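K.L.:
Have a look at the structure that comes next, please.
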């Protein structure tokens, strides 16, 4: 019912949103003799603010048309190279001729960036991808919105997520580097553990976890405490809703993106109110650059996707209530997941000093679990002065975190992988 009411509310304000757009256009028109008055600028800014707060934010574009390699612009095209109904693995393909002219022969290391499936789209990692593009073959998991997946596509839970990561690593082949940002950390560690337990040659060369809840018992944050203080029935009754008939995924039970967004914004409500007040003031003053930065951030932040009920509930139970991976109790398709089986994959963890989503120590816990990785193949880094998003985006990520991750990956990249190109990868569709 809540989902239907949400859609009804959005549709009911559509005429007002259109009117606000028209009013802003008229007030700013060069033909309007009052366009430069305080009254007109204030009314136009109010119209823009109303429109932005009631808009439906669609899945953002990647908007990474080029990268720079040794001072040369190289065209970039995101192409799906592996897919199921639940995920596309995108390859950010760089123009081969321009790349060869910029840096000569040879292949760059391949890195699979596993994006969170926690409400926001994979484009939230645009800055992460942008940093890796000049010197890596970059692949990203582009997870599907559950409201767009027909019921006939079947279930998708945490076990399916792990299966997807394993399948993508196998598609990319040996000597791939895998980087998990936030939520997928436990699933990626489980996938690498299972590959190691099977002595699979496609186990990655390195694995990097950034702000991930490997062991959510350590330095618990507000989201951790909420998960601990409520039982699963409470979450099922209050957080799970049915997709209305407007969407291909009609009648699927989901954790709606707008519910999670409300939770996120409620954690820092005053900050968002201040940001929108500043946006309004900048519009009135005509500070277009500041207003545009606000729009860019919120166009991404307010674009959300739904999660399947089974994935959300299983993640809550296994990661945030039972701590199954951290306590050795995680089972995958009847097989106990054992990170101690990992011996040949190097491990790096990155945390933010001010992270209010994954507290200090939650990501570092991977080192204790992977007890049989040689000490020389383990690296831990805490970035001073950044919160959760600063771990994988922004200036400090580009200038302080990325160079360390790059150096770590290069240290454990085999000589053969530096010179050979991938031949195993093929388009897969299920």
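The values are calculated or read from the model by the stated rules, or taken from the named source; none is laboratory data. All values reported here derive from a predicted model rather than from experimental measurement. Counting neighbours? That spans all protein chains shown, and the Cβs are built from the backbone with ideal geometry, glycine included.
K.L.:
I'd like the full set of residues that are assigned to a loop (DSSP other than H, G, I, E, B), out of contact with any strand residue (DSSP E or B) (no Cβ under 9 Å at 6 or more places or on another chain) and surrounded by 13 or more Cβ atoms within 10 Å (Cβ to Cβ), limited to the range 35-65.
P.N.:
Let us first name the residues in the range 35-65 that are assigned to a loop (DSSP other than H, G, I, E, B), namely 35-37, 55-65.
Right, trim to out of contact with any strand residue (DSSP E or B) (no Cβ under 9 Å at 6 or more places or on another chain) and you get 35-37, 55-56, 58-61, 63.
Within the range 35-65, 35, 55, 59, 60 qualify.
K.L.:
Further question: Go through 299, 318 for me and flag whichever is surrounded by 14 or more Cβ atoms within 10 Å (Cβ to Cβ) and over 30 Å from residue 409 (Cα atoms).
P.N.:
Numbers: 318 fails: over 30 Å from residue 409 (Cα atoms).
Within the list 299, 318, the selection yields 299.
K.L.:
Taking the range 190-199, which residues are in contact with a helix residue (DSSP H, G or I) (Cβ under 6 Å, 6 or more places away or on another chain) and touching a residue at least 60 places away in the same chain (Cβ under 8 Å)?
P.N.:
Taking the range 190-199 as the starting set, the residues that turn out to be in contact with a helix residue (DSSP H, G or I) (Cβ under 6 Å, 6 or more places away or on another chain) are 190-191, 193, 196-197.
Selection gives 190, 193, 196, 197.
K.L.:
Of all residues in the range 331-375, how many are in a loop (DSSP other than H, G, I, E, B) and surrounded by 19 or more Cβ atoms within 10 Å (Cβ to Cβ)? Show your work before the answer.
P.N.:
If we filter the range 331-375 for residues that are in a loop (DSSP other than H, G, I, E, B), which is where we start, we get 333-334, 337-338, 342-345, 353-364, 370-374.
Among the residues that remain, those that are also surrounded by 19 or more Cβ atoms within 10 Å (Cβ to Cβ) are: 337, 342, 345, 355, 357-359, 362-364, 370, 373.
Within the range 331-375, residues that are in a loop (DSSP other than H, G, I, E, B) and surrounded by 19 or more Cβ atoms within 10 Å (Cβ to Cβ) number 12.
To keep it simple, each residue is scored yes or no on (1) more than 25 Å from residue 58 (Cα to Cα); (2) free of Cβ contacts under 8 Å to residues at least 12 places away in the same chain; (3) not in a helix (DSSP H, G or I).
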residue: 261; (1), (2), (3): no, no, no
residue: 295; (1), (2), (3): no, no, no
residue: 315; (1), (2), (3): yes, no, no
residue: 320; (1), (2), (3): yes, no, no
residue: 329; (1), (2), (3): yes, yes, yes
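K.L.:
If I filter the range 132-144 for residues that are touching a helix residue (DSSP H, G or I) at 6+ places or on another chain (Cβ under 6 Å), at pLDDT below 95 and within 22 Å of residue 301 (Cβ to Cβ), do I get at least one hit? Talk me through it step by step, then tell me what you get.
P.N.:
Initially, the range 132-144 is screened for residues touching a helix residue (DSSP H, G or I) at 6+ places or on another chain (Cβ under 6 Å), giving 138, 140, 142.
From what is left, the residues that are at pLDDT below 95 are none.
No, the range 132-144 contains no residue that is touching a helix residue (DSSP H, G or I) at 6+ places or on another chain (Cβ under 6 Å), at pLDDT below 95 and within 22 Å of residue 301 (Cβ to Cβ).
K.L.:
All but one of (1) farther than 23 Å from residue 202 by Cβ; (2) out of contact with any helix residue (DSSP H, G or I) (no Cβ under 9 Å at 6 or more places or on another chain); (3) part of a strand (DSSP E or B) hold for residue 73; which doesn't?
P.N.:
(2)
K.L.:
Moving on. Tally the residues that are within 17 Å of residue 340 (Cα to Cα) and crowded, with 19+ Cβ neighbours inside 10 Å, restricting the search to the range 378-388.
P.N.:
Start the filter on the range 378-388 by keeping residues that are within 17 Å of residue 340 (Cα to Cα), which leaves 378-379.
Cutting the leftovers down to crowded, with 19+ Cβ neighbours inside 10 Å gives us 379.
Qualifying residue count, the range 378-388: 1.
K.L.:
Could you pull out the residue among 398, 410 that is assigned by TED's automatic domain parsing to the domain that holds residue 204, within 30 Å of residue 200 (Cβ to Cβ), out of contact with any strand residue (DSSP E or B) (no Cβ under 7 Å at 6 or more places or on another chain) and not in a loop (DSSP other than H, G, I, E, B)?
P.N.:
Working: 398 fails: within 30 Å of residue 200 (Cβ to Cβ).
Only one candidate passes the filter, namely 410.
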